[in-house]
Amino acid sequence: MTGRFAGKAALITGAASGMGRAITIRLAGEGASVLAVDIDEGALAETKALASGTVSVRVVDVADPAACAEAVAAAVSEFGRLDVLGNVAGIYRPAHTTETSVEQYRRTLAVNLDGPFFLSQAAIPHLLAAGGTIINIASNAGVQGVPYSAAYAASKGGLIQLTRSLAVEFIKTPLRVNAIAPAGTLTNIARTVTFPEDRDPDLARRMAGYRGVAMPEEIAALFAFLASGEAKSITGAVHVVDNGLTVS
């Protein structure tokens with residue numbers, strides 16, 4: 001499984017764990033040069049060690065617009081081009097809406113929505129030159145109601161609309177913009193997330209599908225397809241990966 005991304009360069013956020021790590025490993029294994037970014041320097045080093053091929057790492061807080069621009073510039077400086085931007089970094093802090101702090105709300109929006117916007121803004125000129133692609137990791141919370149997740153759902157719904165808006169704005173160019181909307185996926189977030197102790201079990205059951213959870217590698221496989229020339233006719237699409245949750 002090599003060669004599909006030979007000669008191409010990617011910038012992947014949230015690369016220290018979960019889906020971001022799996023995507024980094026997948027693209028590097030298929031020949032891409034990858035700049036893997038995250039706020040966790042130690043876990044980024046682990047991602048680099050696990051990957052084959054060319055992977056560089058950079059500590060970046062995607063909530064900082066200046067850091068986003070610097071990350072894009074670093075990728076282009078190191079690799080000479082940019083073909084793929086993967087906006088994967090995200091945070092999820094469930095809470096009753098009435099108990100969500102201003103800091104919690106703003107941090108959620110800053111990481112999950114502002115980061116992808118400013119990274120895309122900086123990357124688009126380079127992606128246009130390369131005929132590249134942006135792939136945003138959204139969530140089923142962006143397409144259906146999810147309890148105790150108002151800030152998160154707002155950020156992911158906004159990310160889906162950002163995806164569609166960019167796809168339309170650049171429809172007459174080679175640039176493609178798509179989103180993947182996973183539901184439960186076995187990541188660090190899924191392992192450590194805590195919900196309000198007094199949550200309503202009837203509402204909580206709406207968040208669980210009948211077929212279990214996805215693995216990060218499944219998301220990485222779809223990401224690699226969408227980023228490749230095999231998906232040249234796909235733009236503005238939202239690909240739900242949720243074991244049938246949104247239809248059940």
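Residue by residue, here is whether (1) of a type in the set (A, V, I, L, M); (2) in contact with a strand residue (DSSP E or B) (Cβ under 6 Å, 6 or more places away or on another chain); (3) buried (at least 19 other Cβ atoms within 10 Å of the Cβ); (4) not in a helix (DSSP H, G or I) holds:
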residue: ALA49; (1), (2), (3), (4): yes, no, no, no
residue: SER52; (1), (2), (3), (4): no, no, no, yes
residue: ASP61; (1), (2), (3), (4): no, no, no, yes
residue: ALA73; (1), (2), (3), (4): yes, no, no, no
residue: VAL76; (1), (2), (3), (4): yes, no, yes, no
residue: GLN104; (1), (2), (3), (4): no, no, no, no
residue: ASN112; (1), (2), (3), (4): no, no, yes, no
residue: PHE118; (1), (2), (3), (4): no, no, yes, no
residue: ILE124; (1), (2), (3), (4): yes, no, yes, no
Which listed residue, of ALA154, ALA221, ALA204, is at pLDDT below 95, part of a helix (DSSP H, G or I) and of a type in the set (Gly, Ala, Ser): ALA204
Residue list for the stretch 28-45, filter: among the charged types (D, E, K, R) and under 19 Å from GLY90 (Cα atoms): ASP38, ASP40, GLU41
Any chance LEU162 is closer than 17 Å to VAL88 by Cβ, in contact with a strand residue (DSSP E or B) (Cβ under 9 Å, 6 or more places away or on another chain), surrounded by fewer than 22 Cβ atoms within 10 Å (Cβ to Cβ) and at pLDDT 95 or above: yes
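Okay, residues lined up against (1) buried (at least 19 other Cβ atoms within 10 Å of the Cβ); (2) hydroxyl-bearing (Ser, Thr, Tyr); (3) modelled with pLDDT of 85 or more:
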| residue | (1), (2), (3) |
| --- | --- |
| TYR210 | no, yes, no |
| ALA214 | yes, no, no |
| PHE225 | no, no, yes |
| ALA231 | no, no, yes |
| ALA237 | no, no, yes |
Sole exception among (1) in a loop (DSSP other than H, G, I, E, B); (2) surrounded by fewer than 21 Cβ atoms within 10 Å (Cβ to Cβ) for GLY90, by number: (2)
Selected residue [part of a loop (DSSP other than H, G, I, E, B), of a type in the set (Lys, Arg) and out of contact with any strand residue (DSSP E or B) (no Cβ under 8 Å at 6 or more places or on another chain)] from ARG4, ARG26, ARG81: ARG4
Selected residue [touching a strand residue (DSSP E or B) at 6+ places or on another chain (Cβ under 6 Å), of a type outside the set (D, E, K, R) and within 24 Å of THR194 (Cα to Cα)] from ALA227, ALA237, ALA214: ALA214
Matching entry among ALA6, ALA32, ALA28 (being over 24 Å from ALA179 (Cβ atoms) and among the aliphatic types (A, V, I, L, M)): ALA6
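The values are calculated or read from the model by the stated rules, or taken from the named source; none is laboratory data. What you see is a predicted model, and the numbers here were worked out from it, not measured in a lab. Note that we place each Cβ from the backbone using ideal geometry, even for glycine, and neighbour counts take in every protein chain shown.
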